[in-house]
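The values are calculated or read from the model by the stated rules, or taken from the named source; none is laboratory data. Since the structure is predicted, the reported quantities are computational estimates derived from the model, not experimental observations. Positions of Cβ are backbone-derived with ideal geometry, glycine not excepted, and every protein chain shown enters the neighbour counts. In case anyone asks, the SASA skips ligands and DNA or RNA and just uses the protein heavy atoms, side chains included. Shrake-Rupley method; radii C 1.70, N 1.55, O 1.52, S 1.80 Å.
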Amino acid sequence: MLRASSFTQSHGVRHAAAVHGSRAAHRAIPRVALRGTATTSDPMHEFRVQWALERQKAMQIDLSTLDRNPRATDTTLAEPWRTILVPNRRLESLKYHDYPAPTGLGPLWGIGECRPVSNCNPIDVNPDAIDSERQTRRPGVYSYQGRFDRVVRGAYGNRNFKYLYALDHRGMHIAREMTPCKASSRGIITHSILVDRGAAAGEIFFDLDDAGKVYVNYGSARIPIEDVWQAEKVAEFVLALGYHTVVAMIPDRDLKKHPYGMGDRYGKDVENLVFKRETEAP
């Protein structure tokens with residue numbers, strides 16, 4: 001059985017009213033008074049009040065302990081219920097996709113239409129809140145091609161080593177979730193801080209021992225996947241960046257009838273598919 005991790009969500013994290021030492025503190029936080037009467041001149045007032053209340057419970061990240069115990073985990077992966085060998089010609093074709101705009105050009109990267117983020121406070125939709133914390137990659141002959149660099153590797157499911165990803169017309173964007181961010185009501189980076197719209201989103205981990213192997217899931221309420229087809233196309237996109245193995249947390253069921261949930265990402269014997277380049281087959 002493959003071992004991975006959904007290491008305790010509280011490891012290296014404390015709740016507090018503010019986040020200190022933020023690398024993303026260069027953006028302003030919304031200002032709002034929690035007392036007083038809402039004015040009709042500000043239609044966002046109630047959202048700002050709710051944001052401020054949530055911000056009081058924001059996480060405080062201890063950066064000095066964040067990289068400890070990279071192999072710690074309490075999630076296990078089941079044996080893959082299928083291994084998919086993706087033809088090189090299909091991956092190579094992604095290199096020549098080019099989208100000058102996020103919408104109006106059909107399914108992005110063969111995945112789906114670019115949709116605005118949903119299921120969150122609009123004050124938390126703030127991609128301008130981060131800059132250097134975000135990396136962007138795409139397959140091919142244009143800029144930003146190839147694997148992600150400057151990543152911290154850790155066991156699958158260990159939240160301290162989790163990166164969020166989102167795909168839009170520019171490619172795949174990632175950022176380490178446990179990065180302090182004053183513009184986020186949670187105190188850390190979220191999908192709505194990473195992008196304001198996308199075709200798919202989820203979480204990605206980089207293998208400790210093999211730089212060509214990654215683990216992806218589809219855990220995003222902001223830009224949820226709609227079916228297994230989209231999930232598979234995301235995995236193929238990651239392969240096309242230059243990785244040789246993608247372990248994707250895709251369950252063996254119809255996601256339209258039973259939507260993707262937390263149990264599909266973490267826990268015991270998590271179902272998964274393995275994607276490999278055709279030339280990487282044993």
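Output the residues belonging to segment 267-282 that are open to solvent by 20 Å² or more (accessible area, probe 1.4 Å) and assigned to a loop (DSSP other than H, G, I, E, B). Walk me through it before giving the result.
Our first condition is that a residue be open to solvent by 20 Å² or more (accessible area, probe 1.4 Å); within segment 267-282, this holds for 267-269, 271, 276-282.
Scanning segment 267-282 gives Gly267, Lys268, Asp269, Glu271, Ala281, Pro282.
Could we say that Glu46 is acidic (Asp, Glu), touching a Ser or Thr at 6+ places or on another chain (Cβ under 8 Å) and either at pLDDT below 85 or not in a loop (DSSP other than H, G, I, E, B) (or both) here?
Values: acidic (Asp, Glu): yes; touching a Ser or Thr at 6+ places or on another chain (Cβ under 8 Å): no; either at pLDDT below 85 or not in a loop (DSSP other than H, G, I, E, B) (or both): yes.
No, not satisfied.
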Residue ID - farthest from Lys276 (Cα to Cα), chosen from residues in segment 46-82 that are of a type in the set (Phe, Trp, Tyr) and surrounded by 13 or more Cβ atoms within 10 Å (Cβ to Cβ): Phe47
Pairs where the first residue, in segment 132-144, is over 12 Å from Lys95 (Cβ atoms) and open to solvent by less than 30 Å² (accessible area, probe 1.4 Å) and the second is among the hydroxyl-bearing types (Ser, Thr, Tyr) and at pLDDT 95 or above, C-beta under 6 Å, 6+ apart: Glu133/Thr179
Some residue of segment 188-202 being touching a residue at least 24 places away in the same chain (Cβ under 8 Å), open to solvent by 10 Å² or more (accessible area, probe 1.4 Å) and part of a strand (DSSP E or B): yes
Unique residue being open to solvent by less than 40 Å² (accessible area, probe 1.4 Å), closer than 15 Å to Glu79 by Cα and either out of contact with any strand residue (DSSP E or B) (no Cβ under 7 Å at 6 or more places or on another chain) or of a type in the set (D, E, K, R) (or both) when the list is Asp252, Asp207, Asp264: Asp264
In segment 83-120, the residues that are free of Cβ contacts under 8 Å to residues at least 12 places away in the same chain and open to solvent by 80 Å² or more (accessible area, probe 1.4 Å): Arg89
Per-region count, segment 208-222, residues within 14 Å of Pro70 (Cβ to Cβ), within 16 Å of the chain's Cα centre (by Cα) and assigned to a loop (DSSP other than H, G, I, E, B): 0
